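Structure, as structure tokens:
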Amino acid sequence: MRMLPPSHPGRIIDRLEVGEAELVRELLDNGGVSIALQPVVTINAPRVVGWEALVRAHHPQMGPIPPLVLVDVAKQNGMLDELTRQVADLAIDALDRACELVDDQLLVVTVNVELEQFYASNPFIEWLLQRELPSKGQFVLEITERDGDTWTPAHERAARLLVARGIDLALDDVGAGHSRIGFFRHREWQLVKIDQSFLTWETERDRKVIELFVHMIHGLGLASLAEGIETVEHLLFAQSLGIRYGQGYWLGHPEPVEDVLAELRERGTAIETSF
């Protein structure tokens, strides 16, 4: 593995050379992987209903490792399932602790999984089916449709096993890349996450297409979440579409687990927004 000099304070590397599996192995084996929690919020009368668990990694000499870089190297070197398992394990523990602080509502935590991992025989899925889940919280797997893969009977078999285990499934990045309408034909998703690109529009025709797409989601009886709410305009547009949940910097940045729990103790699920 190519050795890099120790990082200076605040330095973040922007890439790793292909094949630097030793670094990922070291992070996985020595507690170098952690999570940040970004709040999921109700659009109207904003309150936190849960969080998305986002992978973070920090190397003692190299400093913070960008999540996309980490995931890419893990995927190339056959360690994506182990990385996902560690993220999910931390997320479930965080949810369990959060639920102990809130008595009056259901809290959720979501974790991303690649469609290529989504098979009953996959090591991560096998582990998740055996993992003890919080009795008062809801764990959700987000499956991306960004690459335009098709939903197969093998995917459906894994989905049925997970749902029977009490795990909800979300369709992530809807509207991004080569999305396929076929994902909606085969399964009733517990949550549909609408890509940020749907929150911006240039013409009335654009707006009408977005309105019809969201109307289809709601017409199927599916809960919707708008991703990437970064401005008040994004929030107001999502509200006008009747979208139920939101996520983005305007509503809350990703924070370490201990900070999230401290805020939960101090003010519960209330959040502050300004217009």
Residue pairs qualifying under the 9 Å Cβ cut-off, at least six apart or on distinct chains, with the first in segment 80-91 being within 19 Å of P66 (Cβ to Cβ) and the second being in a helix (DSSP H, G or I) and among the basic types (K, R), are L83/K75
Of the candidates D93, D104, D89, the one satisfying the condition of being more than 26 Å from D29 (Cβ to Cβ) and either out of contact with any helix residue (DSSP H, G or I) (no Cβ under 9 Å at 6 or more places or on another chain) or part of a helix (DSSP H, G or I) (or both) is D104
Checked against (1) under 17 Å from the mean Cα position of the chain (by Cα); (2) more than 15 Å from I143 (Cβ to Cβ), A164 satisfies every condition except (1)
Open item on the list: Would you confirm whether or not segment 138-148 contains a residue that is at pLDDT below 95, in contact with a Cys (Cβ under 8 Å, 6 or more places away or on another chain) and either among the basic types (K, R) or part of a strand (DSSP E or B) (or both)?
Closed with: no
The residue from I217, I229, I243 that alone is within 15 Å of the chain's Cα centre (by Cα) and surrounded by 14 or more Cβ atoms within 10 Å (Cβ to Cβ) is I229
Q.
Just to be sure before I move on: is F124 crowded, with 18+ Cβ neighbours inside 10 Å and either more than 29 Å from L264 (Cβ to Cβ) or in contact with a His (Cβ under 7 Å, 6 or more places away or on another chain) (or both) in the structure I sent?
A. no
Restricted to segment 168-208 and to residues being farther than 20 Å from F118 by Cα and loosely packed, with under 13 Cβ neighbours inside 10 Å, the residue modelled with the lowest pLDDT is E202
Within segment 67-86, residues within 16 Å of G31 (Cα to Cα) and not in a helix (DSSP H, G or I) come out as M79
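The values are calculated or read from the model by the stated rules, or taken from the named source; none is laboratory data. Since the model is a prediction, treat every value here as computed from it, not as a measurement. Cβ: placed from backbone, ideal geometry, glycine included. Neighbour counts: every protein chain shown.
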